[in-house]
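S.K.: Before anything else, here's the structure in question.
The values are calculated or read from the model by the stated rules, or taken from the named source; none is laboratory data. For clarity, every value in this text was computed on a predicted model and none was experimentally measured. Because the Cβ atoms are built from the backbone with ideal geometry, glycine has one as well, and the counts that use them run over all protein chains shown.
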Amino acid sequence: MFRFQKDQKIANIAGVKIGGNPGELPTALAGTIFYEGHDIVEDANEGLFDRKIAENLLNSQRASSDETGNPCLVHIFGNTGQALRNYIDFVSEITDSPFLIDSPDPLARMAVAEYVSEIGLGDRAVYNSINMTIGEKERKVLKDSDIDSSIVLGFNAMDSGFKGRMQLLESGTSSMDKGLIDIALECGMCNILIDPGITPMGNGSGVSLRITLAAKAKWGLPVGSGIHNAPSSWEWLRDKKKHDPLVFKMCDIASAVMQQAAAGNFVLYGPIENAPYIFPVAAMSDIMIYESAEEFEIEPASSHPFNRLI
Amino acid sequence: MDTVSEKWPVTKGDFSAGNPKSCIAVVTLASSMPLFEKAAIWGSCKTENLGAEKVVMNVVSNCNIRYVLLCGGESRGHLAGQTLKALYENGIDEDGRILGSEGAIPFIENLEIETIQRFRQQVELIDRTGLTDIDEIYSIVDNYHDSEKPFEASPISFRKAVRKYKPPESISADILISEKVVMDAFSGLIYEIA
């Protein structure tokens, strides 16, 4: 479809490669486990869960990934440091995939950044996320940790338009000393994954698609998002779900295609239960995107769905 | 004098309107509970930024609302309940940061400080965060729904900001589409080169 003039960087997170020009690498897909409301979680504070079902979910994602060639990551969500530690212990035993550490509580994230460094898993962890509220303490914890991969969240709550988000990434807001990309570099991040931040439909959900293009053009960094959060917070669609859950699921999964078509390199696709559906959809997009870029002398990776499924 | 804006609720979300003349709005935070129609508006608020904004917008656009009941389970990490309480008690600074909020990204982007001040003046916050007993919640609504006169001011109306397109001052060919067609990534313009 198109090619960026600027060289595109490729992140390598424990062997999983993310980035490049459209058509080059398969889109990396991260399914969320232990998310808010996940019915396998028995105690969200302690991190207790049904281990058998969790194992099946992780294996299902892996099987889908092996089939299409789209690399997978495990997006681990937890509310407390204790819960995240339990989840990471389990996930790292079952799979060798990289995993994202996600919590809205910075104290929980920081506790786990120290923990994964202690147990030697820093190279498989992706910190989610370095965002506009990062303080000195969190910066120091990250700098001292072994984690070298992070999502950098472009959501600017003071100015959520295109310019505001780009400014947050480049030079920061009025209360910051520098932009988030420089902060991430200072924190020792070699693998910076930009997430423009998804806002609900009606609140600028599409801005992230423009940022994807602009951020790749400007910095050449891998960009992606949890774009399914836009349809999943759409009231009209939630109403439809009451009558036909398939309608909701289709929109939720199909949103990934928008991110891919806008040159996205990774998609946080939401509930890991959707793995058997999202991987074929993403593979289909990857194949068509590659075929649109053939004339730019783009070579698809050997694991690309074009080489695996055609 | 009209006490309620036209087309109220003025913003949509995971909530339903009950009786617009009622004095009480119910915010069930991260919980979902069946609407009690004696409340003016009833529904969840899970986020400390856009969610909180919507609560404020729907309150200041209806002068009949004099109480906001916070109940239901707190939204983890985002702390929408603690944030609404902080917003009510402390307001926002000039950057839009909600003072005293412990939520993840607690900012108000789309409302003026005066609108927040109006919210703080118009209502009394009843903080029962954690309360999920539906009978007790209904009882509180029953006690408050017709207990106060409307706030003496006009309801605040909100208009969607119209963004004017500004042609870019300069363009560059960041993205190649074909030999003669390129795209400027920042402006989003696709154009043909000679």
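S.K.: So which residues in the range B:13-31 are touching a residue at least 40 places away in the same chain (Cβ under 8 Å) and surrounded by fewer than 22 Cβ atoms within 10 Å (Cβ to Cβ)?
M.R.: Within the range B:13-31, the subset touching a residue at least 40 places away in the same chain (Cβ under 8 Å) is B:13, B:15, B:19-31.
If the condition is that a residue be touching a residue at least 40 places away in the same chain (Cβ under 8 Å) and surrounded by fewer than 22 Cβ atoms within 10 Å (Cβ to Cβ), then B:N19, B:P20, B:K21, B:A30, B:S31 are the ones that fit.
S.K.: For A:V281, are the conditions met, namely being over 16 Å from A:M1 (Cα atoms) and either in a helix (DSSP H, G or I) or within 13 Å of chain B (Cβ to nearest Cβ) (or both)? Lay out the reasoning, then the answer.
M.R.: Values: over 16 Å from A:M1 (Cα atoms): yes; either in a helix (DSSP H, G or I) or within 13 Å of chain B (Cβ to nearest Cβ) (or both): yes.
Yes.
S.K.: Test A:K249 against the criterion of being closer than 25 Å to A:L58 by Cβ, of a type in the set (K, R) and out of contact with any Asp or Glu (no Cβ under 8 Å at 6 or more places or on another chain), and give yes or no. Walk me through it before giving the result.
M.R.: Numbers: closer than 25 Å to A:L58 by Cβ: yes; of a type in the set (K, R): yes; out of contact with any Asp or Glu (no Cβ under 8 Å at 6 or more places or on another chain): yes.
Judged against the criteria, A:K249 is a match.
S.K.: Further question on the same structure: Restricting attention to the range A:134-166, which residues are away from chain B (no Cβ under 12 Å), outside any loop (DSSP other than H, G, I, E, B) and touching a Phe, Trp or Tyr at 6+ places or on another chain (Cβ under 8 Å)?
M.R.: Result: A:L142, A:S149, A:S150, A:I151.
S.K.: Determine the pairs where a residue that is over 14 Å from A:D102 (Cα atoms), located within the range A:124-144, has a partner that is among the basic types (K, R) and assigned to a strand (DSSP E or B) with Cβ atoms under 6 Å apart, the partner being 6 or more residues away or on another chain.
M.R.: So the pair list comes out empty.
S.K.: Then there's this: Which of the strands (runs of 3 or more DSSP E) found entirely inside the range A:1-61 contain at least 2 residues meeting this: of a type outside the set (F, W, Y) and either away from chain B (no Cβ under 14 Å) or under 14 Å from the mean Cα position of the chain (by Cα) (or both)? Full working, then the answer.
M.R.: Values: elements: A:10-13, A:16-19, A:28-33, A:41-43.
Qualifying strands (runs of 3 or more DSSP E): A:10-13, A:16-19, A:28-33.
S.K.: Yes or no: A:N79 more than 18 Å from A:I13 (Cα to Cα) and outside any helix (DSSP H, G or I)? Give the steps one after another, and end with the answer.
M.R.: Numbers: more than 18 Å from A:I13 (Cα to Cα): yes; outside any helix (DSSP H, G or I): yes.
Yes; evaluated as a whole, the condition is true for this residue.
S.K.: Is the range B:155-162 home to any residue that is at pLDDT below 90, within 14 Å of another protein chain (Cβ to nearest Cβ) and over 18 Å from the mean Cα position of the chain (by Cα)? Steps first, please.
M.R.: Residues of the range B:155-162 at pLDDT below 90: B:158-162.
Next cut, within 14 Å of another protein chain (Cβ to nearest Cβ) only: B:158, B:160-162.
Still in the list and also over 18 Å from the mean Cα position of the chain (by Cα): B:162.
Yes, because at least one residue in the range B:155-162 is at pLDDT below 90, within 14 Å of another protein chain (Cβ to nearest Cβ) and over 18 Å from the mean Cα position of the chain (by Cα).
S.K.: Same structure again: A:G23: touching a Lys or Arg at 6+ places or on another chain (Cβ under 8 Å), at positive phi, buried (at least 17 other Cβ atoms within 10 Å of the Cβ) and of a type outside the set (D, E), yes or no? Walk me through it before giving the result.
M.R.: Values: touching a Lys or Arg at 6+ places or on another chain (Cβ under 8 Å): no; at positive phi: yes; buried (at least 17 other Cβ atoms within 10 Å of the Cβ): yes; of a type outside the set (D, E): yes.
No.
S.K.: Exactly one of these conditions fails for B:I116: (1) modelled with pLDDT of 95 or more; (2) outside the structural domain of B:A30 (by TED's automatic domain parsing). Give me its number.
M.R.: That leaves (2) as the condition not met.
S.K.: Tell me the residue from B:E48, B:E94, B:E74 that is touching a strand residue (DSSP E or B) at 6+ places or on another chain (Cβ under 8 Å), under 30 Å from A:M176 (Cα atoms) and assigned to a loop (DSSP other than H, G, I, E, B), please.
M.R.: So the residue among B:E48, B:E94, B:E74 that is touching a strand residue (DSSP E or B) at 6+ places or on another chain (Cβ under 8 Å), under 30 Å from A:M176 (Cα atoms) and assigned to a loop (DSSP other than H, G, I, E, B) is B:E48.
Residues are listed down the side, and each one gets a yes or a no for (1) among the small types (G, A, S); (2) part of a helix (DSSP H, G or I):
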{"residue": "A:L168", "(1), (2)": "no, yes"}
{"residue": "A:T173", "(1), (2)": "no, no"}
{"residue": "A:M176", "(1), (2)": "no, no"}
{"residue": "A:L185", "(1), (2)": "no, yes"}
{"residue": "A:G204", "(1), (2)": "yes, no"}
{"residue": "A:L213", "(1), (2)": "no, yes"}
{"residue": "A:L221", "(1), (2)": "no, no"}
{"residue": "A:K249", "(1), (2)": "no, yes"}
{"residue": "A:V257", "(1), (2)": "no, yes"}
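S.K.: Hey, can you tell me all the residues within the range A:261-273 that are closer than 16 Å to A:L73 by Cα and buried (at least 22 other Cβ atoms within 10 Å of the Cβ)?
M.R.: Our first condition is that a residue be closer than 16 Å to A:L73 by Cα; within the range A:261-273, this holds for A:264-273.
Those that are closer than 16 Å to A:L73 by Cα and buried (at least 22 other Cβ atoms within 10 Å of the Cβ): A:G264, A:N265, A:F266, A:V267, A:L268, A:Y269, A:G270, A:I272.
S.K.: Condition (residue is crowded, with 22+ Cβ neighbours inside 10 Å, of a type outside the set (A, V, I, L, M), farther than 18 Å from A:E235 by Cβ and within 12 Å of the chain's Cα centre (by Cα)) applied to the range B:37-48: is it met by at least one residue?
M.R.: Looking for residues that are crowded, with 22+ Cβ neighbours inside 10 Å, of a type outside the set (A, V, I, L, M), farther than 18 Å from A:E235 by Cβ and within 12 Å of the chain's Cα centre (by Cα), one finds at least one in the range B:37-48, hence yes.
S.K.: Continuing with the same structure: Scan the range A:259-278 for residues that are part of a helix (DSSP H, G or I) and within 18 Å of A:S65 (Cα to Cα) and jot them down.
M.R.: Let us first name the residues in the range A:259-278 that are part of a helix (DSSP H, G or I), namely A:259-261, A:272-278.
Correct list: A:Q260, A:I272, A:E273, A:N274, A:A275, A:P276, A:Y277, A:I278.
S.K.: Mind listing whichever residues of the range B:100-119 are free of Cβ contacts under 8 Å to residues at least 40 places away in the same chain and either facing chain A (nearest Cβ under 8 Å) or under 28 Å from A:N45 (Cβ atoms) (or both)? Break it down stepwise before answering.
M.R.: As a first pass, look at the range B:100-119 and keep what is free of Cβ contacts under 8 Å to residues at least 40 places away in the same chain: B:100, B:102, B:112-114, B:117.
Residues satisfying the conditions are B:G100, B:E102.
S.K.: Determine if the range A:100-111 includes at least one residue that is surrounded by fewer than 22 Cβ atoms within 10 Å (Cβ to Cβ) and hydroxyl-bearing (S, T, Y).
M.R.: No, the range A:100-111 contains no residue that is surrounded by fewer than 22 Cβ atoms within 10 Å (Cβ to Cβ) and hydroxyl-bearing (S, T, Y).
S.K.: Does the range B:135-155 contain any residue that is outside the structural domain of B:R97 (by TED's automatic domain parsing) and closer than 30 Å to A:A214 by Cα?
M.R.: For the range B:135-155, residues outside the structural domain of B:R97 (by TED's automatic domain parsing) and closer than 30 Å to A:A214 by Cα: absent.
S.K.: Restricting the search to the range A:208-220, which residues are of a type in the set (A, V, I, L, M), more than 9 Å from chain B (Cβ to nearest Cβ) and surrounded by fewer than 22 Cβ atoms within 10 Å (Cβ to Cβ)? Steps first, answer last, please.
M.R.: Kept after step one, since they are of a type in the set (A, V, I, L, M), are these residues of the range A:208-220: A:209, A:211, A:213-215, A:217.
Add one more test, that the residue is more than 9 Å from chain B (Cβ to nearest Cβ), and what stays is A:209, A:211.
Across the range A:208-220, the qualifying residue is only A:L209.
S.K.: Please count how many residues of the range B:165-194 are under 31 Å from the mean Cα position of the chain (by Cα) and more than 13 Å from chain A (Cβ to nearest Cβ).
M.R.: Number of matching residues: 0.
S.K.: Condition first: within 14 Å of chain B (Cβ to nearest Cβ) and part of a loop (DSSP other than H, G, I, E, B). Now tell me which residues in the range A:227-244 satisfy that.
M.R.: A:S233, A:W234 - these are the residues of the range A:227-244 that are within 14 Å of chain B (Cβ to nearest Cβ) and part of a loop (DSSP other than H, G, I, E, B).
S.K.: Does A:A283 satisfy being out of contact with any helix residue (DSSP H, G or I) (no Cβ under 9 Å at 6 or more places or on another chain) and of a type outside the set (S, T, Y)?
M.R.: Working: out of contact with any helix residue (DSSP H, G or I) (no Cβ under 9 Å at 6 or more places or on another chain): no; of a type outside the set (S, T, Y): yes.
Criteria not met by A:A283.
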